[in-house]
Amino acid sequence: MQINYLLRIFNKFFIADVLLPEIYMSAFTLASPNAGTVSIPALNKILGISGVPHATIEKILNLAAPTNSSRVNRGEFNVALALVALAQKNMDVSIENLIDHKHDLPEPNLLQFPLFRLMILGLLQLQLSLHRNLFPVQVLQ
């Protein structure tokens, strides 16, 4: 219960005034949000390409996602990525540590992994395809 309380406080009061790197937005978009939330399996896939051990990812999911939830909101998603960044820097993975380092959080490193690059490329190709379907180019003759 203490962890869920800290998570709610962190999401509501601390993450709101922290400027997050673009990787947070890209990863959230990549996870295919629906109505402002992302499924736990989609979040798990994003976390899985971080290079962080499976046991640490499970700990992060337990910290970031509300108990018995099947989806996370953007704030919870961002907390999970911030916890991954802490783990990648061999820092303690905890909500308390996020609070202590909210203005000097390390950036999660997902771009070094080829799978993330392929996923981003696939997303860009999908967006281009959708754009072409919505705005077909008319050839002048």
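What to note about this one:
- Residue match in region 14-32 (condition: surrounded by 11 or more Cβ atoms within 10 Å (Cβ to Cβ), of a type in the set (Val, Ile, Thr), modelled with pLDDT of 90 or more and on the phi < 0 side of the Ramachandran plot): no
- Restricting the first member to region 99-118 and to residues that are at pLDDT below 55, and the second to residues that are assigned to a loop (DSSP other than H, G, I, E, B), the beta-carbon pairs closer than 6 Å and six or more apart or on different chains are PHE113/ILE49.
- Against the list (1) of a type in the set (Val, Ile, Thr); (2) modelled with pLDDT of 80 or more; (3) not in a helix (DSSP H, G or I), the condition VAL137 fails is (2).
The values are calculated or read from the model by the stated rules, or taken from the named source; none is laboratory data. As the structure is a prediction and not an experimental result, all values here were calculated from the model. Counting neighbours? That spans all protein chains shown, and the Cβs are built from the backbone with ideal geometry, glycine included.
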